[in-house]
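Every number here is computed from the coordinates shown, using simple stated rules; none is lab data. Model, not experiment: these values are computed from the prediction. Here the Cβ positions follow ideal geometry from the backbone for every residue, glycine too, while neighbour counts run over all protein chains shown.
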């Protein structure tokens with residue numbers, strides 16, 4: 001969050017783009033986008049910015065019944081994101097269902113709720129690049145003509161980016177792909 005730019009001030013006529021009742025004084029970037037473009041930003045008042053951070057007063061967000069109809073995708077995305085956090089409350093659900101937003105705006109809004117897929121060992125412990133693991137069973141290493149015995153220590157593993165069930169590591173100086181269900185974090 002930073003002070004508001006002249007372009008954003010013009011777009012919002014100096015008023016908060018969420019509550020429309022207080023002067024806008026804060027430039028809020030809607031993640032995961034950056035502040036490289038005004039299209040990624042929302043002009044907020046101090047009250048709305050504070051409520052986004054504290055989440056202490058859900059009743060404040062009744063004002064979003066108006067901002068959900070804003071023509072700016074960033075305002076729509078932030079509005080939807082806030083409402084989604086209260087989706088179990090009838091008022092928020094009603095506001096969300098009052099308008100059909102473009103799919104890309106809804107996806108942008110929901111990025112805040114995505115859980116990054118995590119590589120986990122046989123016990124469910126999260127794995128990270130550089131971890132040391134122990135094999136929990138004998139592995140027949142295809143193409144290398146050897147068997148890696150149970151209890152083999154594999155240091156400095158590398159996570160396979162597109163597959164949370166696989167890691168890479170060196171066994172007998174050969175880099176091999178190992179299924180995470182056959183390792184335990186050391």
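Relative to one another, the C-alpha centroids of region 5-58 and region 65-120 are positioned 16 Å apart. Largest mean-square fluctuation among 27, 100, 41, in a Gaussian network model of the chain whose springs join Cα atoms under 10 Å apart, belongs to 100.
For region 1-48, what does the alpha-carbon gyration tensor say about shape, rounded, prolate or oblate, given a ≥ b ≥ c as the root eigenvalues, a/c under 1.5 as rounded, and a/b over b/c as prolate? Note, shape of region 1-48 comes out prolate. The label-point distance for residue 158 and residue 84, in a model that sets each label 7 Å from Cα toward Cβ, rounds to 3.3 nm. From least to most packed, judged by other beta carbons within 10 angstrom and beginning with the fewest, 147, 96 follow the order 147, 96.
Full extension of the chain segment joining residue 110 with residue 165 gains 17.3 nm, where the gain is 0.36 nm per residue of separation less the Cα-Cα distance. Considering helices alone, the calculated mean residue ellipticity of the chain at 222 nm is -7000 deg cm²/dmol, with DSSP H runs of length four and up weighted by -39500 (n - 2.57) and normalised per residue.
Largest GNM mean-square fluctuation across 175, 79, 15, computed for the chain with C-alpha springs under 10 Å, falls on 175. Pairs of Cα atoms nearer than 8 Å and 6+ residues apart set the relative contact order; for the chain it is 14 percent. Ranked for footprinting exposure by Cβ neighbours inside 10 Å, fewest first, 34, 121, 88 give 88, 34, 121. For the chain, with a Gaussian network of springs between Cα atoms less than 10 Å apart, report the residue from 64, 139, 18 with the top mean-square fluctuation. The residue with the greatest mean-square fluctuation here is 139. Once the Cα atoms are used to define both axes, helix 73-85 deviates from the longest principal axis of the chain by about 70 degrees. Between residue 20 and residue 35, the contour length at 0.36 nm per residue exceeds the alpha carbon distance by 3.2 nm. Computed on region 133-185, with alpha-carbon pairs under 8 angstrom and 6+ residues apart, the relative contact order is 34 percent.
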